[in-house]
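K.L.:
I have a structure here, written as structure tokens, and I will follow up with some questions on it.
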Amino acid sequence: MTLDQLVALDAIVAAGTFRAAAERLNKAQSAVSHQIRKLEAELGFDLFSRDAYRPSLTAEGEVFFRETVRVLEQVRGLKSVAAGLRSEQEPMISIAMTATMSLDPILHVLGEVGRRYPGTHIRVATEMMGGPLARLMDGEVEMIVAGLEGVPIDQVETLPVGSVTIRPVASPDFPAAQRSGVRSRREMQTYTQVIVSGTGSNEFEQSRDLLSGGQRWTVSDFAAKKSVIKAGLGWGGIPDHLMEQDLTKGELVPLTVEGYPSRHTEIFAIRRRDQTAGRVMSEIWTAFGLLSAKN
């Protein structure tokens, strides 16, 4: 039994077919099939049922695959530890985070690591919607802090770091805020919805909470969105941490809109499995793991 055989098994299950797994591994399909046949011969049972177009795990294959996943996780962990031990301090590390998340939960982690490694430039970029995921999958950043929507889970590792709530609001002078109760979708279609444009490519773009059929204004960030809404020119969702004082002062008021509930999203630190972390990035990831364990 070899590590390459286990990697091939994992790739077939993740990709769905032997051909797709071969493309993912940059190998010939015949080579991947040969690895699995050798592994099955050694084990003494079939891992896959090949009756249909897409191979499916047998009952024995299901059990063996679960253990394979554990082994591969341990191997990746060992590789990461080894890379951190042999690497020098990186000149720069890049992190992209969703603009909906406050920096506060991760600042002390970045600050502590930054003080230990003053020679490393820590670059933190704020991205909108699918932007963080696009930066990660394009290899532009080593880690992102974002929700899991659209994330290819089989290709990444994740650690929970916090949560965010986005709720629809408007200026108290806005027509929809003039009375209590639930505003219907039909009524809200007569008002301007303010949305933030994403910074991801089309492949990773995310569009949530868009009310179809209504007029929209599109802005570049949440600061601009809040200004437009406070000016009474439209309504839209804003993260709680960005408008605490505005709600307290009554400069913004919550709306109850049909089909547009307050949205609670769990936020994770996310990194690609196929990227080897350097010393500083490894320490940041370890610190996030300790933070997650405490919470």
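K.L.:
Sequence-distant or interchain residues sharing an amide H contact under 5 Å with PHE268, placed H: which?
P.N.:
Here ALA146, GLY147, VAL161 satisfy the definition.
K.L.:
For a protection proxy built on the mean count of beta-carbon atoms within 10 angstrom, sort 12-18, 211-217 highest first, please.
P.N.:
Most protected by this proxy first, the peptides run 12-18, 211-217.
K.L.:
For the stretch 59-71, just list the computed ³J(HN,Hα) in residue order, Karplus coefficients 6.51, -1.76 and 1.60, θ = phi - 60°, integers in Hz, with x standing in for Gly and Pro.
P.N.:
Along the stretch 59-71, the couplings run 4, 5, x, 4, 5, 5, 5, 4, 5, 4, 4, 4, 5 Hz.
K.L.:
Assuming a strict under-26 Å limit between Cα atoms, what lysine pair count do you get for the chain once near-sequence pairs (fewer than 8 apart, same chain) are dropped?
P.N.:
Values: LYS27/LYS38; LYS27/LYS79; LYS38/LYS79; LYS79/LYS294; LYS225/LYS249; LYS226/LYS249; LYS230/LYS249.
Eligible lysine pairs with Cα atoms under 26 Å apart amount to 7.
K.L.:
Turning to a different aspect of this structure: Taking the number of other C-beta atoms within 10 Å as the exposure measure, put VAL141, VAL75 in order starting with the fewest. Mind dumping the intermediate values first?
P.N.:
On the way: VAL141 23, VAL75 13.
Least crowded to most crowded, the residues run VAL75, VAL141.
K.L.:
With only Lys, Arg, Asp and Glu charged, each at its Cβ (+1 for the first two, -1 for the last two), find how big the charge dipole of the chain is about the Cα centre; round to the nearest 20 debye. Don't jump to the answer; show the numbers that get you there.
P.N.:
Numbers: 33 positive and 36 negative charges, 76 e Å.
It works out to roughly 360 debye.
K.L.:
Continuing with the same structure: What share of all Cα pairs of the chain, in percent, falls into each consecutive 10 Å distance bin?
P.N.:
The distribution over the chain is 6, 22, 24, 21, 16, 9, 2, 0, given as percents.
K.L.:
Follow-up question, since we're still on this one. If you take the beta carbon distance between VAL124 and VAL69 as r and set R0 to 30 Å, what does 1/(1 + (r/R0)^6) give as a FRET efficiency, to the nearest 0.05? Don't skip to the answer; put the middle values down first.
P.N.:
Values: r = 32 Å, r/R0 = 1.05.
After rounding to 0.05, the efficiency reads 0.40.
K.L.:
Continuing with the same structure: Can you give me the long-range amide H partners of ARG273? Hydrogens built in the peptide plane at 1.01 Å from N, cutoff under 5 Å, separation of 5 or more residues or another chain.
P.N.:
VAL156, GLU157
K.L.:
If amide H atoms are built 1.01 Å from N in the plane of the peptide, which residues on other chains or at least 5 residues away come under 5 Å of the amide H of THR256?
P.N.:
ARG183
K.L.:
Based on DSSP H runs of at least 4 residues, each adding -39500 (n - 2.57), what is the mean residue ellipticity at 222 nm of the chain after dividing by all its residues, to the nearest 500 deg cm²/dmol?
P.N.:
It comes out at -12500 deg cm²/dmol, rounded to the nearest 500.
K.L.:
For the stretch 182-188, in order, what is each residue's ³J(HN,Hα) by Karplus, 6.51 cos²θ - 1.76 cosθ + 1.60 with θ = phi - 60°, in whole Hz (x at glycine and Pro)?
P.N.:
Each residue's phi maps through the Karplus curve to give 7, 8, 6, 4, 4, 5, 5 Hz.
K.L.:
Calculate the spin-label point distance for LEU3 paired with TYR117, positioning each point 7 Å from the Cα along the beta-carbon direction, and give it in nanometres.
P.N.:
2.2
Only the coordinates and a few stated rules stand behind these numbers; no lab work does. What you see is a predicted model; the values in this text were computed from it and never measured. Every residue, glycine among them, receives a Cβ derived from its backbone with ideal geometry; neighbour counts consider all protein chains shown.
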